[in-house]
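Inspection log for the structure reproduced underneath, given as structure tokens.
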Amino acid sequence: MHTNAPVSDRSGGALASYLSGHGFHYPLLISDPNTHDVAGGALNVALDEADFETHDFVLDNSEPAADAESVGDILIGMAPGRDVVIGVGGGTVTDVARLVSHRMGLPFLSYPTAPSVDAYSSPTSAMTFRGVKKTVPATPAAAVFVDPEVLSEAPHAMIAAGFADMAAKLTSSPDWKLSGLLGVEEIDERLMSRARAAAESCVVEVDHIAAHERGAMSTLMDGLIESGDCMREWNGSRPASGTEHLLSHFWEMRAYQSGAHSALHGERVALGTIVVAGLFQRLARMGTEGLERRIRAAQPPGLAELRRKAVEAFGADAADTLLEGHVLASMTEERYRRIAGAAVEKAGELIELAGSVKPPEEFLELMRRVSGPVHPRDIGLKISDVRDALTAAHFIRNRFGLLVFWHLFDLGSPEETADAVFD
């Protein structure tokens with residue numbers, strides 16, 4: 001189980017004891033207006049009463065973005081002489097605070113206000129920089145503190161989002177395994193199994209999580225921390241993030257570029273997981289011979305066509321950034337033939353792997369039971385947004401997964417999956 005188990009802390013006393021025990025005196029407390037109201041303000045009072053010289057920095061947006069502006073506001077506006085950073089909030093506040101900690105070379109502590117994401121102990125931050133979603137190195141939490149009452153009283157949408165982020169491990173694991181079968185990526189079966197087991201523990205408790213039961217909240221929070229610990233041990237997001245997260249990042253980038261409010265990370269991941277399950281289902285239905293036939297008939301991707309698609313989806317400037325070093329854009333003839341040969345040789349195992357993934361109907365039912373999103377319109381998207389993501393989301397990160405595999409060997413129009421899953 002996780003090595004960074006959350007510490008129950010109802011009044012801030014455990015946090016204060018930790019700070020004293022580790023010689024910290026000048027904490028930087030980061031929250032947004034909402035999380036300050038539910039926890040940050042009380043923590044600031046508790047720390048002040050314990051004689052810490054705290055800078056209580058509240059971001060000026062109740063729905064802040066994990067972007068350069070938020071990080072810059074803190075770095076410019078914070079009091080000098082800080083010796084530890086504490087993020088009080090959900091995934092966005094945590095991503096921002098963790099990156100601030102990394103840039104300042106300071107330890108980071110996490111105080112989640114909702115069991116909404118698995119980022120609390122992760123070693124990376126998902127940031128939007130010049131309109132492009134990037135996963136950048138950040139400081140993992142040295143400790144995580146939680147108030148069980150605050151977690152149980154979190155908005156239901158955030159709890160459903162956290163459940164969805166855990167359920168996503170059931171598609172991210174086979175996504176990683178696919179890459180490993182082809183010899184493209186190194187995989188860690190132990191971490192993969194740990195992340196999957198954490199996901200399954202939450203799936204078993206889905207109805208209790210939906211009811212905000214205290215024990216189930218602990219199961220969900222433990223699972224989220226365990227997932228983050230797997231990422232920390234790997235020193236990257238791969239144990240907990242696959243193609244479903246690329247789809248989520250695509251929709252977030254679209255919202256950011258248009259100035260629209262994006263749905264919660266876990267809400268987007270929920271739809272991404274359902275769609276990826278549909279892609280795996282289509283792959284399984286091809287059968288071994290059908291997959292072999294398609295791979296043998298495929299041709300290496302052309303750089304001009306790749307750039308055209310990237311420009312169409314993201315614009316010229318962003319496209320150039322995304323294509324630099326991308327697995328498809330940098331694909332040599334020799335490497336293509338090597339991967340194609342491995343795919344033909346492992347076709348039976350690939351089909352078996354695809355068939356082992358829960359069908360999209362089961363993920364849809366799980367999300368219904370937890371009252372999460374089950375259709376793009378539930379989070380302000382259209383079917384066309386899902387089609388667009390299936391066409392171009394693989395450009396977002398230089399990672400080999402199911403969607404890259406699909407495009408590399410031209411396995412059919414991936415966007416058709418949107419209509420098949422959400423008809």
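The values are calculated or read from the model by the stated rules, or taken from the named source; none is laboratory data. These numbers were taken from a predicted model, which means no experiment stands behind them. Cβ sites come from the backbone with ideal geometry, for glycine too, and all protein chains shown count toward neighbours. Please note that ligands, DNA and RNA were not included when accessible areas were found on the heavy atoms of the full protein model with its side chains. Shrake-Rupley method; radii C 1.70, N 1.55, O 1.52, S 1.80 Å.
Note down the accessible area of residue 48, probe 1.4 Å, to the nearest 10 Å².
80 Å²
Find the Rg to Rh ratio for the range 1-117, where Rh is the Kirkwood radius over alpha-carbon pairs and Rg uses the same atoms.
So for the range 1-117, dividing Rg by the Kirkwood Rh gives 0.93.
Sort 299-310, 173-184 for me by packing, meaning the mean count of neighbouring Cβ atoms within 10 Å per residue, highest on top.
Result, highest mean Cβ count within 10 Å first: 173-184, 299-310.
Report the one residue of 242, 278, 230 whose Cα lies farthest in the direction of the positive end of the charge dipole of the range 183-333 (charges on C-beta: Lys and Arg +1, Asp and Glu -1; origin at the Cα centre).
Of the candidates, 278 comes out farthest on the positive side.
Using semi-axes √(5λ) of the Cα gyration tensor in Å as the read-out, say which of [x] 62, 26, 18; [y] 38, 22, 19; [z] 50, 25, 19 was calculated from these coordinates.
[y]
When the dipole is taken about the Cα centre of the range 192-322, and only Lys, Arg (+1) and Asp, Glu (-1) are charged at their Cβ, what size is it in debye, to the nearest 20?
620 debye
What ranking, highest mean first, results for peptides 165-172, 11-18 when packing means the other Cβ atoms within 10 Å averaged over each residue? Numbers along the way, then the final one.
Working: 165-172: 29.9, 11-18: 17.0.
The packing order, highest mean first, is 165-172, 11-18.
Given a Förster radius of 25 Å and the C-beta distance between residue 53 and residue 153 as r, what FRET efficiency does 1/(1 + (r/R0)^6) yield to the nearest 0.05?
0.25
Rank these by accessible area, largest first, 1.4 Å probe: 349, 226.
Working: 349 85, 226 5 Å².
Putting 349, 226 in descending order of accessible area: 349, 226.
With a cut-off of 8 Å between alpha carbons and a minimum separation of six or more residues, what is the relative contact order of the range 1-60 in percent?
39 percent
Between residue 25 and residue 342, what is the label-point separation in nm under the 7 Å Cα-to-beta-carbon projection?
According to this spin-label approximation, the distance is 5.4 nm.
Rounded to the nearest 10 Å², what accessible area does residue 54 have for a 1.4 Å probe in the complete protein model?
30 Å²
Using Cα-Cα distances under 8 Å and only pairs 6 or more residues apart, what relative contact order does the range 301-423 have, in percent?
Taking the mean separation of contacting Cα pairs over the length of the range 301-423, I get 29 percent.
Could you put 249, 22, 212, 261 in order of accessible surface area, largest first, with the 1.4 Å probe and the full protein assembly present? Intermediate values should be presented prior to the final figure.
On the way: 249 5, 22 105, 212 50, 261 130 Å².
Output order, biggest surface exposure first: 261, 22, 212, 249.
Below 10 angstrom from the Cβ of residue 113, what's the summed charge of the other residues (Lys, Arg +1; Asp, Glu -1)?
Working: positive: none; negative: 32, 37, 147, 153.
Local net charge: -4.
So which helices of the chain fit the span-like rule, where a helix is a whole DSSP H run, its Cα atoms reach 27 Å or more along the axis, and its mean Kyte-Doolittle is at least -0.5?
Membrane-span-like by this rule: 214-234, 265-297.
With a 1.4 Å probe and every protein chain kept in, tell me what percent of the accessible surface of the range 281-423 is carbon plus sulfur. Present the calculation step by step, with values, prior to reporting the outcome.
On the way: 3040 of 6860 Å².
It is 44 percent, rounded to a whole number.
Compute the Rg/Rh shape ratio of the range 145-190: radius of gyration over Kirkwood radius, all on alpha-carbon atoms.
Numbers: Rg = 16.1 Å, Rh = 13.0 Å.
Rounded to two decimals, Rg/Rh equals 1.24.
At R0 = 30 Å, how high is the FRET efficiency between residue 75 and residue 190 if r is their beta carbon distance? Nearest 0.05 is fine.
Details: r = 37 Å, r/R0 = 1.25.
About 0.20, to the nearest 0.05.
Once the mean 1/r over all distinct Cα pairs of the range 255-364 is inverted, what Kirkwood radius in angstroms do you read off?
This gives a value of 16.6 Å.
Order 200, 186 by their accessible area, 1.4 angstrom probe, all chains in place, largest first.
Accessible-area ranking of 200, 186, largest first: 186, 200.
If contacts are Cα pairs under 8 angstrom and at least 6 residues apart, what is the relative contact order of the chain in percent?
16 percent
Starting from the Cα coordinates of the range 66-158, work out the convex hull volume and express it per residue in Å³.
99 Å³
Enter the per residue convex hull volume of the range 210-301, computed from alpha-carbon coordinates, in Å³ rounded to the nearest integer.
Cα-based convex hull of the range 210-301, divided per residue, equals 182 Å³.
Need one number: % antiparallel among DSSP beta bridges in the range 73-175, to the nearest 5.
Counting only bridges with both partners in the range 73-175, antiparallel ones make up about 45 percent.
Roughly how many Å² of residue 25 are accessible to a 1.4 Å probe, to the nearest 10?
100 Å²
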